[in-house]
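The values are calculated or read from the model by the stated rules, or taken from the named source; none is laboratory data. As the structure is a computational prediction, the values presented were derived from the model and not from experiment. We place every Cβ from the backbone using ideal geometry, glycine too, and count neighbours over all the protein chains shown.
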Amino acid sequence: MKKKLSTTVIALGVVSLLTDLSSEMIYPLLPIFLTTVLNAGTIALGLIEGIAELTASILKILSGYLTDRTGKRKGLVFAGYTLSTLSKPLIGIATAWYQVLIFRFLDRTGKGIRTSPRDALIGDVTEGRIIGRAYGLHRAMDHAGAVIGPLVAVYLLKFVGLSIRSIFLLSVIPGVMVIFTLKFFVKERESVVKKRELQAKEDESSTSVQKDFYYFLVALVIFTLGNSTDAFLILRLTEEGINASTVVFLWAAFHTVKMFTNYIGGRFVDHFGPRTMVFLGWLFYAGVYLLFALVEGKTYVLVLFLIYGLYYGISEPAERAWVYRIVPSSKRGRAFGLYHASVGVASLPASLIFGIIWKYLGYNYAFACGGLLAFFASVFYIKSTKN
């Protein structure tokens, strides 16, 4: 009999869609708002985003530890989403860049609080045989919000004639829907909580599982050091002569590819296993980046950019399913915290290194370096972990 995903998993998918819709109404307009409305410079923008993302990375570890310590998930998830919902629209009333910093800090604090407990909760309410489908659905709906959000913002800006401030304030509407969905449709099973508490002491002695998990984190950090921001891919497109309007369309198409392949990829994870899919996903990334280093011509780069979206569908549900598979339920929150934080912290030097190589040696060497790091990480991962 075919297993169905729980209402909680579907509801959390809807929550992620609405949250990303709200965020992506704001994020593409934030640099314009800072530089043209508030007259802030690029240093202020870098400071705001750097502090915001570092805050989220650190809090993902703390919230993961707290959710395991208390045995509760939903309360932290609710608190995190609520804080983001209330703080994001306040950017619309900012009159100075430091106020934007405060509101972005609060928004990312909410993200840091909710992310690890949310991913752990999805694992708690899902049977192991369909865990890939659960994480795949969640990531697919998250990317759907990233497609819809900018389109809503463009519509309100171009066709309705609203100001940027008004769009920021209107982002509260999907946020309120998020709070409603969490309140009435996300459930934490008491039986799961009690079982997790009973297993906690037994899990303390599980050293082989911990070894596999930490090997995975080492491989993940190596891989992420070669996984620079996708903004460099946009720069690569523009260098081939692709104009701004086409880039915006391609960005939406790119997120659409990520959306569909995540759900399909989740099903492949359940069939082939997360370990195999993580390896294939990272290997695929390595191949695509090496091709970016070699190919030239508008058509080839454009097609390669869309093909690159497949990497997310292969890897995102697989990585989360692998954490679920190898970490006991009583430590799942902490594990997801370390997983997300490893990606977040390693991302900071990754883009810096990529940018320096591009500036002094050219994009060919930058993409080749990223591809080789991904290849090395995938080989290290498959050799150091067990089925």
query = Any chance region 289-298 includes a residue that's part of a helix (DSSP H, G or I) and crowded, with 24+ Cβ neighbours inside 10 Å?
reply = yes
inquiry  = Looking only at residues that are closer than 15 Å to GLY64 by Cβ and of a type in the set (Lys, Arg) in region 107-158, which one is nearest to the chain's Cα centre (by Cα)?
reply    = LYS111
Residue that is hydrophobic (A, V, I, L, M, F, W, C), modelled with pLDDT of 85 or more, under 28 Å from ILE353 (Cα atoms) and not in a loop (DSSP other than H, G, I, E, B), where the choices are PHE268, PHE216, PHE260, PHE232 = PHE216
inquiry  = So in region 217-244, with the set limited to residues that are loosely packed, with under 15 Cβ neighbours inside 10 Å and small (Gly, Ala, Ser), which one is nearest to GLY371 (Cα to Cα)?
reply    = ALA231
note = Note on LEU306: of the conditions (1) among the aliphatic types (A, V, I, L, M); (2) within 21 Å of HIS255 (Cα to Cα); (3) surrounded by 20 or more Cβ atoms within 10 Å (Cβ to Cβ); (4) within 19 Å of the chain's Cα centre (by Cα), unmet is (3)
task = Name every residue in region 123-151 that is basic (Lys, Arg) and surrounded by fewer than 22 Cβ atoms within 10 Å (Cβ to Cβ), in order of residue number.
result = ARG129
key: helices (runs of 4 or more DSSP H) within region 1-89 that include 3 or more residues modelled with pLDDT under 90 and surrounded by fewer than 17 Cβ atoms within 10 Å (Cβ to Cβ)   = 42-70
request  = For region 314-326, indicate whether the set of residues that are within 20 Å of LEU373 (Cβ to Cβ), aromatic (Phe, Trp, Tyr) and part of a helix (DSSP H, G or I) is non-empty.
outcome  = yes
query = Can you find a residue in region 309-322 that is of a type in the set (Lys, Arg) and at pLDDT 95 or above?
reply = yes
query = Just one of VAL154, VAL176 is out of contact with any Lys or Arg (no Cβ under 9 Å at 6 or more places or on another chain) and either on the phi > 0 side of the Ramachandran plot or surrounded by fewer than 16 Cβ atoms within 10 Å (Cβ to Cβ) (or both); which is it?
reply = VAL176
ask   = Residue check: is LEU372 in the same structural domain as PHE272 (by TED's automatic domain parsing), hydrophobic (A, V, I, L, M, F, W, C) and closer than 27 Å to LEU59 by Cα?
value = no
ask   = What are the residue pairs meeting all of these: first residue in region 110-122, first residue surrounded by 24 or more Cβ atoms within 10 Å (Cβ to Cβ), second residue β-branched (Val, Ile, Thr) and at pLDDT 95 or above, Cβ atoms under 6 Å, and 6 or more apart or on different chains?
value = ARG114/VAL77; PRO117/VAL77; ARG118/VAL77; ILE122/VAL9
query = Out of all the residues in region 69-116, which are basic (Lys, Arg) and either in contact with a Phe, Trp or Tyr (Cβ under 6 Å, 6 or more places away or on another chain) or farther than 16 Å from SER23 by Cα (or both)?
reply = ARG69, LYS72, ARG73, LYS74, ARG114
request  = Go through region 142-183 and give me each residue that's under 17 Å from LEU30 (Cα atoms) and in contact with an Asp or Glu (Cβ under 6 Å, 6 or more places away or on another chain).
outcome  = ALA146, GLY149, PRO150
message = Take THR238 and tell me if it is at pLDDT 85 or above, out of contact with any His (no Cβ under 9 Å at 6 or more places or on another chain) and either part of a helix (DSSP H, G or I) or in the same structural domain as GLY333 (by TED's automatic domain parsing) (or both).
response = no
ask   = Would you say PHE249 is in the same structural domain as GLY370 (by TED's automatic domain parsing) and modelled with pLDDT of 80 or more?
value = no
